[in-house]
Structure formats: structure tokens, C-alpha cells
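One structure is given below, encoded as C-alpha cells.
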Amino acid sequence: MNDPENITVEQARSAKKNLLAQLTDVEEVNGIGITLRDGSYGLKVNLIKPTKQDTIPTEIDGVKISTDVVGQAYAA
């Protein structure tokens, strides 16, 4: 298991691919990105609207996941 205080960008990229595969059918997901917090990388899931509590995991492959309800994205 990865040390959540010492996640590299490469580890976050790998975890992002796994999370994307896991959340493909979750219609509330607007996007998944890599974020840097306190010197360690993590993942951020943007949501159109809140989901059930256990829909989005809090970590994958030792990489922490945060969520944010940002609403629907529209092309300009």
C-alpha cells in the first residue's frame, strides 16, 4: 500500500485510470483530476450532483480521493 503522505504524480495517474474504469457508469461524475495537497498527490472527482455516500471511494490504490459538487459542465 502507498503512503498517502508521499504519493507521486505517476502513482496518482495510475490510480486515476483505475478510478475512471470503476466510475464509468456513475452518471453524476463530471470529471476526474489529479490534485496536489500538502506536497502529496491525490485525486479529485467533480460531480454534477451529490451521489449516495458509498458511490465514490475515499481512496484507490493508496491514493486519497476527494469530491466536489460543481454542477453540469457546458461547452462555450
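The values are calculated or read from the model by the stated rules, or taken from the named source; none is laboratory data. Small disclaimer: the values here were computed from a predicted structure and weren't measured. Cβ: placed from backbone, ideal geometry, glycine included. Neighbour counts: every protein chain shown. The area values use the complete protein model at the heavy-atom level, side chains included, leaving out ligands, DNA and RNA. Shrake-Rupley method; radii C 1.70, N 1.55, O 1.52, S 1.80 Å.
Brief remarks follow.
- Residue list for region 29-55, filter: within 8 Å of the chain's Cα centre (by Cα) and among the β-branched types (Val, Ile, Thr): 32, 34, 45
- Among the residues of region 6-59, just one is surrounded by 14 or more Cβ atoms within 10 Å (Cβ to Cβ), at pLDDT below 95 and either of a type in the set (Gly, Ala, Ser) or assigned to a helix (DSSP H, G or I) (or both), namely 40.
- Flag: residue 64 matches the condition of being open to solvent by 60 Å² or more (accessible area, probe 1.4 Å), of a type outside the set (A, V, I, L, M) and assigned to a strand (DSSP E or B).
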